[in-house]
Amino acid sequence: MTVAVRLPRRKKDASAPEPADLLAWYDRHRRILPWRARRGERADPYAVWLSEIMLQQTTVKTVAPYYARFLARWPSVAALAASDLDDVLRAWAGLGYYARARNLHACARAVMQRHGGIFPRGMDALRALARLFAVEEKLPAAKPVIKRLATSLLPPRRAGDFAQALMDLGATLCSPKNPACALCPWNESCAAARRGDRESFPRKTPKREGSLRRGAAFVALRADGRVLLRQRPDKGLLASMTEVPGSAWAHDFDSASALAAAPRLGGTPKWQKLAGVVRHVFTHFPLELTVFVAQVPRVTKALKGARWVRLADLPGEALPNVMRKVLAHALKLD
DNA sequence: TACGCGTGGCA
DNA sequence: TTGCCAAGCGT
């Protein structure tokens with residue numbers, strides 16, 4: 001492991017990053033965010049917590065409308081704890097990483113039961129930019145190194161603002177591609193910028209590519225304008241979310257025998273295979289779904305665990321995006 | 001430690 | 001179009 005710049009132990013080093021420079025920049029350029037307290041105000045711990053969960057691996061822009069809807073509907077941890085998990089999942093649908101929604105709900109109940117609805121005081125995590133120190137270690141192994149370096153910069157006062165400032169710096173200037181170094185308060189002391197290969201940091205291990213999986217999805221349309229939906233298992237991928245019936249998603253899926261996975265609906269539904277496939281990319285693998293559609297009589301009963309849902313009610317369902325794509329494909333909504 | 005876990009934006 | 005990236009976390 002090589003660290004191009006080391007922090008001064010005692011003597012002031014003109015080339016070392018100064019927390020004060022970052023804080024001064026933050027005072028001028030801090031973003032206005034709905035969950036962030038303005039100067040002199042105290043943030044609502046519930047609002048901050050909600051934003052923290054939503055912002056995991058998710059951009060501010062994507063989170064903003066979800067956050068506003070959640071806070072309007074469940075303005076307190078007590079309100080959230082009293083809600084049904086299914087309602088939370090429906091409100092979360094489209095945001096991804098659905099375990100967050102389930103954990104959010106469970107945590108709200110725990111705060112009510114174990115802490116009387118008051119958030120306990122917790123640790124504030126700090127995140128820093130590798131790049132500043134030109135850390136050669138590759139992520140994720142570099143994380144402990146970066147943590148030590150970040151801790152060494154932590155100013156005795158305004159530690160919270162320092163953390164916020166770091167995140168604003170990353171969000172607005174010190175981006176992975178095309179960082180705006182000319183505007184950066186640490187430009188002069190940045191080891192990566194001095195080296196002239198700033199975009200090679202942070203170092204990363206090459207990501208293994210997930211192999212393609214395929215499967216079939218079955219859109220049963222009842223004569224009264226309803227579609228057959230079911231719930232996914234409460235563990236694993238897209239846990240507890242809603243889906244149309246389908247086959248397992250497998251590397252060796254054979255579309256010729258796909259109909260074996262069709263839901264049994266009584267009678268003999270004529271499944272029509274649609275042209276093309278629905279493509280979706282999950283975090284760790286790409287997926288291609290062949291979509292089948294069948295028109296069934298109004299009297300058709302739902303099999304156990306499934307239900308008939310009016311087309312007009314689909315937007316309110318806890319449908320992950322891959323299922324919205326399937327329905328759009330089948331209903332020619334796109 | 002390494003992997004599983006969604007989605008939208010953007011170059 | 002394609003691949004990368006984003007306020008990570010749980011197991």
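The values are calculated or read from the model by the stated rules, or taken from the named source; none is laboratory data. Keep in mind it's a predicted model, so treat the numbers as computed, not measured. Virtual Cβ from ideal backbone geometry, glycine too; neighbours counted across all protein chains shown.
Okay, residues lined up against (1) within 16 Å of DNA strand B (Cβ to nearest atom); (2) over 30 Å from A:Thr172 (Cβ atoms); (3) out of contact with any Lys or Arg (no Cβ under 8 Å at 6 or more places or on another chain):
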position: A:Glu188; (1), (2), (3): no, no, yes
position: A:Arg195; (1), (2), (3): no, no, yes
position: A:Leu221; (1), (2), (3): no, yes, yes
position: A:Gly225; (1), (2), (3): no, yes, no
position: A:Ser240; (1), (2), (3): yes, yes, no
position: A:Ala248; (1), (2), (3): yes, yes, yes
position: A:Gln272; (1), (2), (3): no, yes, yes
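With the condition being farther than 18 Å from A:Arg222 by Cβ, I'd like the strands (runs of 3 or more DSSP E) fully within the stretch A:261-334 carrying at least 2 qualifying residues.
Once the strands (runs of 3 or more DSSP E) in the stretch A:261-334 are filtered for at least 2 residues that are farther than 18 Å from A:Arg222 by Cβ, what remains is A:278-281, A:286-296.
Within the stretch A:162-212, being of a type in the set (Val, Ile, Thr), touching a Pro at 6+ places or on another chain (Cβ under 9 Å) and either at pLDDT 85 or above or over 30 Å from A:Trp249 (Cα atoms) (or both) holds for no residue.
Selection of the stretch A:147-183 for residues being touching a residue at least 24 places away in the same chain (Cβ under 8 Å) and more than 25 Å from A:Trp35 (Cβ to Cβ) yields A:Leu149, A:Ser152, A:Pro179. Scan the stretch A:239-249 and give yes if some residue there is free of Cβ contacts under 8 Å to residues at least 60 places away in the same chain, under 23 Å from the mean Cα position of the chain (by Cα) and within 28 Å of A:Arg102 (Cβ to Cβ), otherwise no. Yes; the residues of the stretch A:239-249 include at least one that is free of Cβ contacts under 8 Å to residues at least 60 places away in the same chain, under 23 Å from the mean Cα position of the chain (by Cα) and within 28 Å of A:Arg102 (Cβ to Cβ).
In the stretch A:50-65, the residues that are touching a residue at least 60 places away in the same chain (Cβ under 8 Å) reach residues that are among the aliphatic types (A, V, I, L, M) and surrounded by fewer than 16 Cβ atoms within 10 Å (Cβ to Cβ) with C-beta atoms within less than 8 angstrom, at least six apart or across chains, in these pairs: A:Val60/A:Ala171. Filtered by the rule that a residue be outside any helix (DSSP H, G or I), within 10 Å of DNA strand C (Cβ to nearest atom) and among the β-branched types (Val, Ile, Thr), the stretch A:12-59 gives A:Thr58, A:Thr59. Being touching a strand residue (DSSP E or B) at 6+ places or on another chain (Cβ under 9 Å), at pLDDT 95 or above and exposed (fewer than 15 other Cβ atoms within 10 Å of the Cβ) is true of A:Gly225.
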